[in-house]
Amino acid sequence: MLRKIIVIGTLHAGITPNNELKEVIESFEPDQLLVEIANDNIVKNNLSSYPPEMIFAFEWAKSNNVKVAGFDSKIDVFRGGVMPKDNQAMIEKQKKLIKKLSWKDFNKIENEKLLDVDGLDELIDQDKESVRENDMLKNIEANIIESGTIVVITGTAHLNFFERNIKDAIFPFRNSHGKHRLTLDIRKG
């Protein structure tokens, strides 16, 4: 059986337009959509704290009868003492840096550092972030279907991690220094 995994990076905080994300998702005709939402929050229908594009992708899958699962981890990656206003201030700094680039442009390697603004290291605990990403990978592995087209929707900050750890995945907006992954499939079973 063939399985194709496609990883799409988004920008949170309402920066990824739903209509563009819909077009991208539909272009791959997925059999399954994996979204950066904790699976137990999907079960409890507790989605309000998640980025709007993740909620949109989840709702798109449900309304189109596409199997959907969440893979986010509930690990809090913020350093002690970080307040919601601190995170919002960081998002505002990042929005100013985006300029004329689209969310798709932030899938590209040459743009990935553009959102690394002053103060980010004081906000995010990188050790906790590493544990979170490993949990996310385990959650993907636990919920992924055996065959078909699987589209994984995640924040662009996780693309390097997933590129290193999901070797057979396609990153359609990524330009991996000449290593485009546009036609890879793996055989299972």
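The table for this structure:
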{"read-out": "Long-range HN-HN contacts of Gly148 with modeled amide H, under 5 Å", "value": "Leu2, Arg3, Lys4"}
{"read-out": "Among Ala89, Ala61, Ala38, residue whose mean-square fluctuation peaks in a GNM of the chain (springs only between Cα atoms under 10 Å)", "value": "Ala89"}
{"read-out": "Cβ charges +1 (Lys, Arg) and -1 (Asp, Glu), total dipole of the stretch 3-165, debye", "value": "280 debye"}
{"read-out": "Amide H contacts of Ile170 (H built 1.01 Å from N, under 5 Å, at least 5 apart or other chain)", "value": "Ile5, Ile6, Val7"}
{"read-out": "Relative contact order [Cα under 8 Å, 6+ residues apart], the stretch 1-148, whole percent", "value": "35 percent"}
{"read-out": "Long-range amide H partners of Val68 with built H, under 5 Å", "value": "Leu33"}
{"read-out": "Principal axis dimensions, largest first and in whole angstrom, of the stretch 1-149 by Cα", "value": "46, 33, 27"}
{"read-out": "Span-rule helices in the chain, defined as complete DSSP H runs reaching 20 Å or more along the axis (Cα) with Kyte mean at least -0.5", "value": "none"}
{"read-out": "For the stretch 116-176: rounded, prolate or oblate by the Cα gyration tensor [a/c cutoff 1.5]", "value": "oblate"}
{"read-out": "Long pairs among Lys44/Lys113; Lys113/Lys167; Lys4/Lys95; Lys4/Lys108; Lys96/Lys138; Lys62/Lys85, criterion Cα-Cα beyond 25 Å", "value": "Lys44/Lys113; Lys4/Lys95; Lys96/Lys138; Lys62/Lys85"}
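Every number in this text was worked out from the coordinates using simple rules, so none of it is lab data. Bear in mind that the values here come from a model prediction, so they are computed numbers and not experimental data. Because the Cβ atoms are built from the backbone with ideal geometry, glycine has one as well, and the counts that use them run over all protein chains shown.
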